[in-house]
1. Quick one: in region 258-275, of everything that is over 29 Å from Ala193 (Cβ atoms) and of a type in the set (A, V, I, L, M, F, W, C), which residue is most open to solvent (accessible area, probe 1.4 Å)?
2. Before we move on, is Ser222 among the hydroxyl-bearing types (Ser, Thr, Tyr) and under 18 Å from the mean Cα position of the chain (by Cα)?
3. Looking at Ser177, Ser160, Ser244, can you tell me which residue is farther than 23 Å from Leu305 by Cα and within 18 Å of the chain's Cα centre (by Cα)?
4. Answer yes or no as to whether Ser230 is within 13 Å of the chain's Cα centre (by Cα) and within 19 Å of Leu323 (Cα to Cα).
5. Show the residue pairs meeting these rules: Cβ distance below 8 Å; 6+ apart or different chains; first residue within region 322-335 and closer than 20 Å to Val287 by Cβ; second residue of a type in the set (Gly, Ala, Ser) and surrounded by 19 or more Cβ atoms within 10 Å (Cβ to Cβ).
6. For region 14-34, what are the residues that are open to solvent by 60 Å² or more (accessible area, probe 1.4 Å) and touching a residue at least 40 places away in the same chain (Cβ under 8 Å)?
Amino acid sequence: MGQKAMDPTEALDRARQVLVLAHPERLSVLSLLTSLPDYSASAAELSASLGLAPELVDDALDALAQAGLVHWQGGDPSRGPRVSPTAEAWIRFSSLLDTRASTQTFPPVGSGPEPVPDPGAGPAAQPFGADPAPQAEQEVPPVIHRIAEQLAHRFSATFSPETVHRYVRETYWLLRSRSRVQRYLASLTSRFATERLHALALARGIEMRPVPQVLFVCVANSHRSQIAASILKFLGGDKVHVRSAGSAPATEIAPEVAEVLDEIGCSLLGAFPKPLTDEIVQASDVVITMGCGDACPVYPGRLYLDWPIELPPVHDLQSQRALRDEIYRRVQDLWQSLSATGSGL
């Protein structure tokens, strides 16, 4: 499939990002952030880990933030503000920042008509470069191309085939590199790309918003935000559209979440941790954060709420039930507000 040239505005933005990363300190800082367990650090921690002078780290972070590649978020007051890569950094530069990229093979897909070979069964995947568009046709497995073709047909009245293919490829790389999904990668790519394309259509005003759009965000999207999303779906049914995402998504949902939700008749069927992306925020009427600081970009015309809900000990089921009940009360109040106003705005 042929590729259209990017429009001048996008080309200018991309060129600025590439220029920002053509600097060893900035590239080192961003690469270190993507290698940390929670993808975040303070400026002092970055300085100590990289052996760079604090002023050099500060300059690098300023440049990266201006290019839209990192964002600051709140944190433990004793450690000060923390910085994390943005979704744009993951989408555009994930393999450039991963020192293992040149030797990795695709992880097993686990589903779909054509699974990706196991490591050692074939040649290593080519590195994912700074600009994914020219190389993406050679870098994703065939099943991802088939998914893109199916979705291009499905969204033919809404988006060009090039836009759909780009979103499917970006979704595959987001799930593989940021969420580190190892199982069912093809089917999850299909589902999340579909969700992102619907959200993009809402954000651009191509589709109408028939019901309120609510987004729950926590760090890992494996616990609090999943509980809240499940409860709101349970309460609102088809009268509300619910999404959830994480600023640093885990590989799977915490097992105790399913247990405590099942006790009140809520289902987690089909849920999985997903990364926070820009169009998902733009498509939302209400954005509720839980412990992820300032990870969400802020757009006018949306209601932003922060629920200061702490995670209890993982294996303390009574504490997990108390957490569920607290979230239930908050979600119930939210749903009453949404039902009264139609959108919550």
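1. Among those residues, the one meeting the criterion is Ile264.
2. So Ser222 passes the test.
3. Being farther than 23 Å from Leu305 by Cα and within 18 Å of the chain's Cα centre (by Cα) holds for just one of Ser177, Ser160, Ser244, which is Ser177.
4. no
5. Correct list of pairs: Ile327/Ala228; Arg330/Ala228; Val331/Ala228; Leu334/Gly344; Trp335/Gly236.
6. Answer for region 14-34, where residues must be open to solvent by 60 Å² or more (accessible area, probe 1.4 Å) and touching a residue at least 40 places away in the same chain (Cβ under 8 Å): Arg16, Val18, His23.
The values are calculated or read from the model by the stated rules, or taken from the named source; none is laboratory data. Since the structure is predicted, the reported quantities are computational estimates derived from the model, not experimental observations. Cβ: placed from backbone, ideal geometry, glycine included. Neighbour counts: every protein chain shown. The protein model used for the area step is the full one, side chains on, heavy atoms only, and it has no ligands, DNA or RNA in it. Shrake-Rupley method; radii C 1.70, N 1.55, O 1.52, S 1.80 Å.
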